[in-house]
Amino acid sequence: MARAKKQIAKRAAAREERSGDRVVATNRRARREYEFLETFEAGIVLQGSEVKSLREGKAQLNEAYARVDDGEMWLFQLHIPAWQFATGFGAHDTDRKRKLLLHREQIDELLGKTQQQSLTLIPVSLYFRDGKAKVQLALARGRRLYDKRNLIMARDAEREVARATKEMSRWGAE
């Protein structure tokens, strides 16, 4: 009886874990190259073999960007490799442009901001939420080289301060 309860609890925990967000890919370089001003969540239109490939955790966001074309939001240069079991008719183009699903007001707002303020839309992460593939987009401004250097110096200084306070508290506690 106790063994059955443990198995039921284990299955419930696994089901709960699957229902949460499962990150497929992140764009780590984007945080270094760009300053994020605002983030949005968008759905993405995929083919069947693309979903299978994403569920295996295969995608690359490094060079991807989003843009508004003809009143619709599109994601360019997202690389989703072909699923190993999809051949012929079931296969997909790995670097095709993919449509993003946003509300009309959001698309119009993003179009205005990207055209007027010279901002860009960068995909930050690709994940599954409730079984649906989602993309987190960031409205971003490119960083200059000196901005990157200042950011690195500030982060190093913060680490040194944290290290020094930890050292001081360790000596003071004894």
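Summary table
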{"quantity": "Amide H within-cut-off set for Tyr34, under 5 Å, with H built and near neighbours excluded", "calculated": "Arg143"}
{"quantity": "Per-residue ³J(HN,Hα) for segment 152-159, Karplus 6.51 cos²θ - 1.76 cosθ + 1.60, θ = phi - 60°, Hz, x for Gly and Pro", "calculated": "5, 5, 5, 5, 5, 5, 5, 5"}
{"quantity": "Fraction of accessible area attributable to carbon and sulfur, the chain (%, probe 1.4 Å)", "calculated": "50 percent"}
{"quantity": "Sequence-distant residues sharing a close amide H with Val124 (under 5 Å, placed H)", "calculated": "Gln136, Leu137, Ala138"}
{"quantity": "Separation of the Phe36 and Lys166 label points, Cα + 7 Å toward Cβ, nm", "calculated": "2.5 nm"}
{"quantity": "Residues of segment 52-139: accessible area per residue with a 1.4 Å probe, Å²", "calculated": "55 Å²"}
{"quantity": "Computed accessible area, Ser118, all protein chains, 1.4 angstrom probe, square angstrom", "calculated": "100 Å²"}
{"quantity": "Positive-pole candidate from Ile80, Val51, Ala9, dipole of the chain, charges at beta carbon", "calculated": "Ala9"}
{"quantity": "Debye, to nearest 20: dipole size of the chain, +1 on Lys, Arg Cβ, -1 on Asp, Glu Cβ", "calculated": "940 debye"}
{"quantity": "Extension gain, His79 back to Arg143 (0.36 nm per residue minus Cα-Cα distance, nm)", "calculated": "20.6 nm"}
{"quantity": "Accessible surface of Lys52 - all protein chains present, 1.4 Å probe, nearest 10 Å²", "calculated": "100 Å²"}
{"quantity": "Between segment 100-157 and segment 58-74, the Cα center-to-center distance that results, in Å", "calculated": "11 Å"}
{"quantity": "Answer label for Cα extents along the principal axes in Å (calculated), chosen among (1) 69, 67, 32; (2) 81, 48, 28; (3) 45, 41, 32", "calculated": "(1)"}
{"quantity": "Largest to smallest accessible area among Lys6, Lys132, Lys58 [probe 1.4 Å]", "calculated": "Lys6, Lys132, Lys58"}
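The values are calculated or read from the model by the stated rules, or taken from the named source; none is laboratory data. Just so it is clear, the model here is predicted, and its values are computed rather than measured. Cβ atoms come from the backbone with ideal geometry, glycine included; neighbour counts cover every protein chain shown. All accessible areas refer to the heavy atoms of the entire protein, side chains included, with ligands and DNA or RNA removed. Shrake-Rupley method; radii C 1.70, N 1.55, O 1.52, S 1.80 Å.
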